[in-house]
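Some notes on the structure that comes next.
Taken together, the values in this text are just the output of simple stated rules run on the coordinates, not laboratory data. Treat the numbers as computed from the prediction; the structure is a model and nothing was measured. Neighbour counts run over all protein chains shown; Cβ positions are idealised from the backbone, glycine included.
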Amino acid sequence: MFLGEWVDLGMVQHKQPNPTDSFTFNRTGHSTRNRAVLAAMTNKQSHSDGTLSDKEIRWLTRRAKGRFGIITTAAAHVSKYGQGWEGELGLFDDMHIDKLTTLTNSIHTYGSLVFAQLFHGGMRAPQYLTGRQPISASKICCDESESGFARSASGKEIKRIIRDFTSSAVRCSESGFDGIELHGAHGYLLSQFLGTKTNMRTDEWGGDIMGRSRLLIEIYRSIKENVPDSFIVGTRISPEIKNLGINLDDSINLAGFLRDEGVDFLHLSCWDVFANSKEYPDDPRRLTEWFTHSFDDLPPIISSGSVWSKSDAQELINQGADLIGVARVGIPYPDWAENLSQENYNPPRAPFTVKQLREADLSDIFINYMRKWKGFVHYNN
């Protein structure tokens, strides 16, 4: 399908949206200037107490200046016992509000919306960082625990987790964020509750997909009760994670639950939006299409994974996504969103020199982290 092509659906012709078109969240009225979303990315630039550094503010603000419609923070832990790595942003204390407000003011200066991604590592919160044995949905083998196991969270601890997410969302609202994204993807705590291999509970927090999604839904409901009605609340999920027991059919059912709850957006973390389902490799549909073909009334869909060029972005919209999540391409190319106005925009790929990355407002801390990504930083640097 060509860019901007008219699609004939019966007697009615519909023009496909363009990546440079604006988008409006109907419930709240928030509008973005284009469909480009800077997805949450680990960058390890926050201070040891979880407060934002000036380096991290500069990195995110530069992407707003480059005209991304939405800027998302790195994953931010809602509890000091849920921290997943060194240099991670925190939201667990009022001491974080001052720098968070500096960030939102800076982002809004350039006309972007800004979301915070709320996170708890669960069994992936290392004991050497938190000082506590990690918890998860069930007792499970865990490399991050000194005992070799994560504990099964008690009912009391689950209630505390709900409060922690809620308090963090309130801090985000007070700091000027337009909304938040609940991190229910990539094997962290919320996805541990969603998976059949990590959640073997027999109480109300386990069992079928409705029980396993209860924690995510209760967090969503609690946040909605405590933030202004104009505040955007969305969720990111992984459609498939085999080693956790997250399968595509359950994820589609979860999307239906979240739609019924009124979630403002659903972010599909596909890793590669052009790949087929690993569970159904012979089905020609891409992961995003499994969701957009299953429902007529889904909330706005952000989809992310391996988008690089304008044609990639358009193809993802053709799959039914409303917004285009990008991560890796936004690192060397802070003006990626602005450059989508170029018809055949397809910037050069890795490796990148240290000079290029510094010019894109990456600190040396971030650059050193990116050296772990094979082939991303030029080996001679």
GNM on the chain, C-alpha springs below 10 Å: top fluctuator among D229, D178, D250?
D229
Hey, can you rank 24-33, 113-122 by average C-beta count inside 10 Å, highest first?
113-122, 24-33
Neighbouring Cβ atoms within 10 Å as the yardstick, rank L340, L189 fewest first.
L340, L189
Distance violations [Cα-Cα > 25 Å] among K65/K99; K224/K310; K65/K355:
K224/K310
Sparse-neighbourhood loop hits (trypsin sites (Lys or Arg not before Pro), region 262-333; DSSP loop; Cβ within 10 Å at most 13 others) -> K278
Partner lysines for K197 [C-alpha distance under 24 Å; skip if fewer than 8 residues away on the same chain]:
K139, K156, K159, K242, K278
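Taking every DSSP beta bridge with both residues inside the chain, roughly what % is antiparallel (nearest 5)?
Of those bridges, close to 20 percent are antiparallel.
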Footprinting proxy, I217, I302: sorted fewest to most Cβ within 10 Å, the residues are I217, I302
Semi-axis lengths, Å, region 252-369, gyration tensor of Cα atoms, sqrt of 5 times eigenvalues
30, 16, 14
Can you give me the long-range amide H partners of L182? Hydrogens built in the peptide plane at 1.01 Å from N, cutoff under 5 Å, separation of 5 or more residues or another chain.
L118, G234, T235, R236
Around T72, which amide H atoms from residues at least 5 apart in sequence, or from another chain, sit under 5 Å from its own amide H, with H modelled in the peptide plane?
L38, F115
Going by amide H atoms built from the backbone, whose H comes under 5 Å of the H on F149, apart from near neighbours?
C142
Expressed in angstrom, Rg and Dmax over the Cα atoms of region 130-231 are 14.5, 45
For region 223-233, what does the Karplus curve 6.51 cos²θ - 1.76 cosθ + 1.60, with θ = phi - 60°, yield as ³J(HN,Hα) per residue in whole Hz, taken in order and with x for Gly and Pro?
4, 4, 6, 10, 10, x, 4, 7, 7, 7, 10
Projected area, mean over directions - the chain, Cα convex hull, nm²
18.5 nm²
Loop-only check: which GluC sites (Glu not before Pro) in region 45-107 are DSSP coil with at most 16 other Cβ within 10 angstrom?
E86
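Ordered by packing density, taken as the mean number of other Cβ atoms within 10 Å over each peptide's residues, highest first, how do 60-73, 352-365 rank?
Peptide ranking by packing, descending: 60-73, 352-365.
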What are the ³J(HN,Hα) values, in whole Hz, obtained from phi via the Karplus relation 6.51 cos²θ - 1.76 cosθ + 1.60 with θ = phi - 60°, for each residue of region 289-302 in sequence order, with x given for Gly and Pro?
5, 4, 7, 6, 8, 8, 9, 8, 10, 5, x, x, 9, 9
Give me Rg over Rh for region 1-151, both radii from the alpha carbons and Rh done the Kirkwood way, two decimal places.
1.13
Pop out the Kirkwood hydrodynamic radius of region 147-300 from its pairwise C-alpha distances, inverse of mean 1/r, in Å to one decimal.
16.2 Å
Phi to ³J(HN,Hα) by Karplus 6.51 cos²θ - 1.76 cosθ + 1.60 over region 150-161, Hz, x for Gly, Pro
8, 7, 6, 5, 6, x, 5, 5, 4, 4, 5, 4
